[in-house]
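Beneath this line is the structure, given in structure tokens, with notes to follow.
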Amino acid sequence: MRSSSQFPLPERYSRLADPALLPVARWVFAGIIMLVIQVLLGGITRLTGSGLSITEWNIVTGTLPPLNAAQWQEAFDKYRQTPQFRLINFDFGLSEFKFIFFWEWLHRLWARLVGVVFVVGFVWLLAKRNIKSTMWQPLIILFLLGALQGAVGWIMVLSGLSGDAIYVQPVKLALHFIFAMGLIVYACWFLLQLTIPPQEYVHNRNIRRWTTWIVAALFFQLLYGALMAGHKAASAAPTWPTINGDWIPDVASIRAPMRFLIANKILIQFIHRGIAYLILVMISIWTIKAYSLQAVPAYFELSRWMPLALVLIQIILGVMTLLYSPGIVANHWVAFDWLAQAHQLIGMLLLLTMVAMLYLVNRPRPVRPVKEEL
């Protein structure tokens with residue numbers, strides 16, 4: 001196997017075809033970091049039960065929090081009309097309301113800041129003529145995905161403000177999370193197009209096929225992870241390796257309508273665990289195949305260990321989150337919450353790592369016919 005010295009590490013951005021790509025790449029990278037932070041803030045909002053504290057969606061006027069006692073009382077009175085307050089938080093005073101209000105307000109404020117960074121950065125780069133014609137389509141798609149994500153977020157909030165709902169609907173929470181990950185993945189792919197030169201591609205059809213399967217499995221895993229969070233399903237079976245003492249839980253009613261697959265806490269957890277084990281096996285096989293390749297470029301050679309390391313950390317965090325779920329205390333940040341946040345973060349990093357691998361593992365080069373000499 002050739003060593004990395006035969007494929008020397010490229011200096012950062014040194015191989016970019018056009019120097020104008022450097023500021024664009026930095027801008028997109030900053031946006032990805034902000035989006036990851038936004039998802040983590042969403043996790044804190046969910047874990048603290050803060051998501052329904054702001055009952056209106058005022059894009060401009062909602063930027064500032066209440067600034068005086070009268071405004072705070074008005075916002076609190078609106079929250080007191082929600083089913084969440086009437087059914088579970090009826091003992092809240094103004095101080096408790098301010099706590100949950102802060103996290104939802106910060107989550108929304110950060111989303112606005114992401115939009116500001118996108119628009120201001122775009123105008124600046126356009127004025128500097130760093131935006132090329134080939135960038136217009138992905139940038140328009142990023143803008144539309146961001147706007148769609150905001151709309152889905154508000155639809156999710158509305159699902160918890162009427163009837164007897166005390167939280168947002170789990171399916172809409174899952175959609176909100178999946179759309180967020182779609183936005184981040186697309187931004188990551190665009191960044192890779194800006195920064196990874198063609199000579200860093202790995203041309204191997206077999207490992208590309210495995211990478212594609214793993215990314216697809218991760219999509220369903222993240223979807224069921226969001227359903228776990230929405231249904232608060234961890235505490236329904238806080239045991240490992242069995243599920244409340246059973247290796248295979250009683251799912252006789254699995255013949256019920258499809259809704260059962262996204263509504264039953266035990267079945268959701270069983271599927272989530274099963275996909276996790278499947279992904280571990282798939283990434284282990286992928287790693288063996290990746291290390292069997294010879295003469296690979298530097299980027300791939302130095303990063304092919306990452307998927308296996310991340311999936312092992314992710315599974316450990318998932319197990320610990322389950323085991324600590326009986327210690328959940330309403331309106332208090334405990335060990336479970338730290339573990340749940342870490343579990344979510346590593347899950348996102350694992351997905352982005354595999355997306356990067358999918359980009360690096362290109363299709364095999366086409367074989368050019370050899371022209372016969374006359």
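The values are calculated or read from the model by the stated rules, or taken from the named source; none is laboratory data. This is a predicted model, so every value here is computed, not measured. Every residue, glycine as well, gets a Cβ built from its backbone with ideal geometry; the counts of neighbours run over all protein chains shown.
Tabulated data for the structure shown
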read-out	value
Filter result for the condition that a residue is assigned by TED's automatic domain parsing to the domain that holds LEU40 and closer than 27 Å to GLY51 by Cα, over PHE190, PHE118	PHE118
Flag if LEU144 is of a type outside the set (Asp, Glu), assigned to a helix (DSSP H, G or I), out of contact with any His (no Cβ under 7 Å at 6 or more places or on another chain) and free of Cβ contacts under 8 Å to residues at least 12 places away in the same chain	yes
Members of the stretch 288-341 that are without any contact (Cβ under 8 Å) to a residue 24 or more places away in the chain, in a helix (DSSP H, G or I) and over 23 Å from the mean Cα position of the chain (by Cα)	ILE288, TYR291, SER292, GLY327
Inter-residue pairs, beta-carbon under 7 Å, first touching a residue at least 40 places away in the same chain (Cβ under 8 Å) and in the stretch 226-239, second surrounded by 18 or more Cβ atoms within 10 Å (Cβ to Cβ) and aromatic (Phe, Trp, Tyr), 6+ apart	ALA226/PHE177
Meets criteria (closer than 28 Å to MET181 by Cβ, at pLDDT below 90 and of a type in the set (Lys, Arg)) for ARG26	no
Test result for TRP72, more than 27 Å from the chain's Cα centre (by Cα), farther than 30 Å from LEU194 by Cα, assigned to a helix (DSSP H, G or I) and among the aromatic types (Phe, Trp, Tyr)	yes
Subset of the stretch 52-69 that is touching a helix residue (DSSP H, G or I) at 6+ places or on another chain (Cβ under 7 Å) and outside any loop (DSSP other than H, G, I, E, B) - its residue that is modelled with the lowest pLDDT	GLY62
Sole residue being touching an Asp or Glu at 6+ places or on another chain (Cβ under 8 Å) and either in the same structural domain as MET181 (by TED's automatic domain parsing) or closer than 30 Å to GLU74 by Cα (or both), chosen from LYS128, LYS132	LYS132
The lone exception for GLY49 - which of (1) at pLDDT below 90; (2) not polar (S, T, N, Q); (3) not in a loop (DSSP other than H, G, I, E, B) it fails	(3)
Answer residue from the stretch 277-292, given it is exposed (fewer than 15 other Cβ atoms within 10 Å of the Cβ) and of a type in the set (Ser, Thr, Tyr) and is farthest from GLY318 (Cα to Cα) among those	SER292
